[in-house]
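The values are calculated or read from the model by the stated rules, or taken from the named source; none is laboratory data. Quantities reported herein were computed from a predicted structural model and do not represent experimental measurements. We work out accessible area using only protein heavy atoms, side chains counted, and drop any ligands, DNA or RNA first. Shrake-Rupley method; radii C 1.70, N 1.55, O 1.52, S 1.80 Å.
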Amino acid sequence: FTSPKPCEYDYNPANISQFRNWLVTVKYPDLAAVNAAHNINYTNPDQIQPPKVNVATLDNMTNANVRAMYNSALFEDWYQFNYNQLKSFLIECKNAVKAKNNDIKFCFEAGSNSDLLSSARKTFNVPDISTYADVLKTAFV
């Protein structure tokens, strides 16, 4: 995590556009299903805005912030979308390493996957991602 927004997700326009597309083509069959799941009534996917946590630093992260992250189906979907991106990125990294030398071990370290900040770090589902690593770092030495 580095400043200025270590606990927030990627809100660039391209990522938001991908999120909207994912919602109406992958997670749900269409915009009507998104509307029903999120209790909204959008007529165009471009109206969908991902939720924001608005926590500036890790020191400001509280239990209330973490609970607020999951107070809606929209945030759970936003989390899953970003998690899937992280997982895909790690798999691509492993494939690139293995393409050069299959003897190199691909190590993945996510930090804790059960503490207050796991959801902010996107490590809440780390056991799933970890199945793609050759080695897991489990403790600092």
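Skipping prolines and chain starts, which residues have an amide H placed within reach, meaning under 5 Å, of the one on F106, given they are 5 or more residues away or on another chain?
Amide H neighbours of F106, under 5 Å, 5+ apart: D134, V135.
For V24, V97, what's the largest-to-smallest order of accessible area, 1.4 Å probe?
V97, V24
What accessible area per residue comes out for the stretch 73-112, rounded to a whole number of Å², with a 1.4 Å probe?
Numbers: 2270 Å² over 40 residues.
Heavy-atom SASA per residue in the stretch 73-112 reads 57 Å².
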